[in-house]
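These notes are about the structure you will find just below.
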Amino acid sequence: MTSVSVPPRKRLYIRTFGCQMNVYDSGRMADVLAPLGYGPVETPEEADMVILNTCHIREKAAEKVFSDLGRLRVMKEAKAEQGQQMVLAVAGCVAQAEGKEIVTRAPWVDIVLGPQTYHRLPEMVARAARAAGAQIDTDFPVETKFDLLPAPQASQGPIAFLTIQEGCDKFCSFCVVPYTRGAEFSRPVAAIMAEAKALVAGGAREIALLGQNVNAWHGEAPDGSTWGLTRLLYALAELENLPRIRYTTSHPRDMDAGLIRAHGEIPQLMPFLHLPVQSGSDRVLEAMNRGHKADMFIRICDELREARPDMALSSDFIVGHPGEKPEDHAATMTLVERVGFALAYSFKYSQRPGTPAAGQPFQVAEAIKDERLQELQALLRIQQDAFNESCVGQECEVLFTGPGRHPGQVMGRTPWLQPVHALGPASLIGGTARVRVAVRFPNSLSATLLDQKELACA
Ligand code: SAH
Ligand code: SF4
Ligand code: F3S
């Protein structure tokens, strides 16, 4: 008997910008819309509903949304001419920050919803179908979306994200997140454990716990006590069939001794940590309101490497924060030399409306920002290449996540998050296997399989 799969009645296209939190949210929006008959499609042209899940972190990210909206207007009008509808929604952090302005600049948008209200999406879709004019919902509601969302429906595959914490109370001078995502909120232990078990049952072999300040998570346990992230990591390590755990993004201020120790004690905790430092100058760190100094950051990195000698570190940097002088930039370069990063993201400071740094005098000229960014990125590139080079000839375990670009290839991730491809059977996908790294490319590796047993079974 052949099973007939019923195509979804309505087609949904979601484009995701920004951080992993948005990737997670896009998945949950698809979950919320599935009971209404919406199923995913690959391109906006085929969709009955398009959601742009947006990012406001830098000006460029926010502006991309408006260029996308211009293109979508043409598609929406072409559809209307054929008597078809396209519901257009803007979600995420630009929606939160610029709610009304979006519909003023792009009146063809039907729905604007913030990151905390997407559990109300079905209601908004229904209202948008009935009423003319855009529906806007950018509340920070008292009910939390996590309590009202359906259980995750679609399997995320071998690598899954699980949001455990949202929002931020740290108010770094340059950052919009406390305004777009609201106050810090931690999900309770039971909800996280239930979601983790469901993800593993759906095939996840690596779970990345997500939060804007994930190591500030403190959730209520079933016995009424409060757990910190370290305790949660030990509990997750008890789950069967979950060989890999990560957490991101951490704040240096909340890296306590117990959490550092856990890296030496929990084998499932992958030896790679993203720990944004932003600057190596204490004067700039203070102006940024980061609450940590360069020395403290260096000490944490040293302690992490003591706890787990194969630990690789990644970080975020901002060059050209208001008031940054040549000696501050030099201090950043010194910190990078001292720590050594396997991966890093670096940005020119971007003035964000409503943030304290935006109004400060002594904004750094664009040309100087360009120069500093180039210098920093050149050093970070050398370090990334050196790290990848150090992997060549080494054995490691890879979690295979999908087919490679070429026939007969499979793709996966090393413990240090490097993308890696190898020749091997598709049956490897969804599990781990040992490889030897053969060649490094600028942003990925190729490897040969060592585990012939797996091959023999395939
Ligand atoms: N919660 C994380 C990161 C949040 S945003 C943390 O505390 O570090 C991701 C990165 O974007 C930041 O680490 C920072 O490097 C960068 N970023 C944030 N605001 C920025 C701005 N106004 N200009 C340039 N880069 C910015
Ligand atoms: Fe933004 Fe700072 Fe909060 Fe990170 S800690 S989200 S950079 S305000
Ligand atoms: Fe961007 Fe919002 Fe994430 S501003 S980085 S999508 S929290």
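Of note:
- Boolean, F171 is closer than 15 Å to M29 by Cβ, in the same structural domain as Y349 (by TED's automatic domain parsing), at pLDDT 90 or above and within 16 Å of ligand 1 (Cβ to nearest atom): no
- A single member of Q165, Q156 is among the polar types (S, T, N, Q), within 21 Å of T248 (Cβ to Cβ) and more than 16 Å from ligand 2 (Cβ to nearest atom), and it is Q156.
- Among the numbered conditions (1) at pLDDT below 95; (2) open to solvent by less than 60 Å² (accessible area, probe 1.4 Å); (3) of a type in the set (G, A, S), the only one that A342 does not meet is (1).
- Listed conditions (1) in contact with a His (Cβ under 6 Å, 6 or more places away or on another chain); (2) assigned to a helix (DSSP H, G or I) are all met by M411, apart from (2).
- Residue check for Q384: within 23 Å of the chain's Cα centre (by Cα) and either closer than 30 Å to T334 by Cα or among the hydroxyl-bearing types (S, T, Y) (or both): yes
- Residue in region 146-164 that is least open to solvent (accessible area, probe 1.4 Å), counting only those that are at pLDDT below 95 and within 16 Å of ligand 1 (Cβ to nearest atom): T163
- Residue check, F400 closer than 29 Å to P267 by Cα, open to solvent by less than 70 Å² (accessible area, probe 1.4 Å), more than 16 Å from ligand 3 (Cβ to nearest atom) and not assigned by TED's automatic domain parsing to the domain that holds R205: yes
Let's see how each residue does on (1) farther than 17 Å from A129 by Cα; (2) among the polar types (S, T, N, Q); (3) more than 15 Å from ligand 3 (Cβ to nearest atom):
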{"site": "M29", "(1), (2), (3)": "yes, no, no"}
{"site": "P40", "(1), (2), (3)": "yes, no, yes"}
{"site": "T43", "(1), (2), (3)": "yes, yes, yes"}
{"site": "K76", "(1), (2), (3)": "no, no, yes"}
{"site": "K79", "(1), (2), (3)": "no, no, yes"}
{"site": "G83", "(1), (2), (3)": "no, no, yes"}
{"site": "A89", "(1), (2), (3)": "no, no, yes"}
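- One residue stands out among those in region 197-244 that are within 16 Å of ligand 3 (Cβ to nearest atom) and of a type in the set (S, T, N, Q): the one that is nearest to I300 (Cα to Cα), which is N213.
- Only listed residue being more than 16 Å from ligand 1 (Cβ to nearest atom), assigned by TED's automatic domain parsing to the domain that holds M255, under 30 Å from E389 (Cα atoms) and out of contact with any Leu (no Cβ under 8 Å at 6 or more places or on another chain), chosen from A312, A331: A331
- Considering the conditions (1) in contact (Cβ under 8 Å) with a residue 12 or more places away in the chain; (2) over 18 Å from the mean Cα position of the chain (by Cα); (3) farther than 12 Å from I245 by Cα; (4) open to solvent by 10 Å² or more (accessible area, probe 1.4 Å), V200 is excluded by exactly one of them, (3).
- Against the conditions (1) more than 16 Å from ligand 2 (Cβ to nearest atom); (2) open to solvent by less than 20 Å² (accessible area, probe 1.4 Å), N215 satisfies every one except (1).
- Residues of region 404-418 include at least one that is modelled with pLDDT under 95 and open to solvent by less than 60 Å² (accessible area, probe 1.4 Å).
- Some residue of region 213-222 being of a type in the set (F, W, Y) and touching an Asp or Glu at 6+ places or on another chain (Cβ under 8 Å): no
The values are calculated or read from the model by the stated rules, or taken from the named source; none is laboratory data. Here the structure is a predicted model, which means the values were calculated and not measured. Note: ideal-geometry Cβ built from the backbone for every residue, glycine included; neighbour counts use all protein chains shown. What goes into the accessible areas is simple: the full protein's heavy atoms, side chains included, and nothing from ligands, DNA or RNA. Shrake-Rupley method; radii C 1.70, N 1.55, O 1.52, S 1.80 Å.
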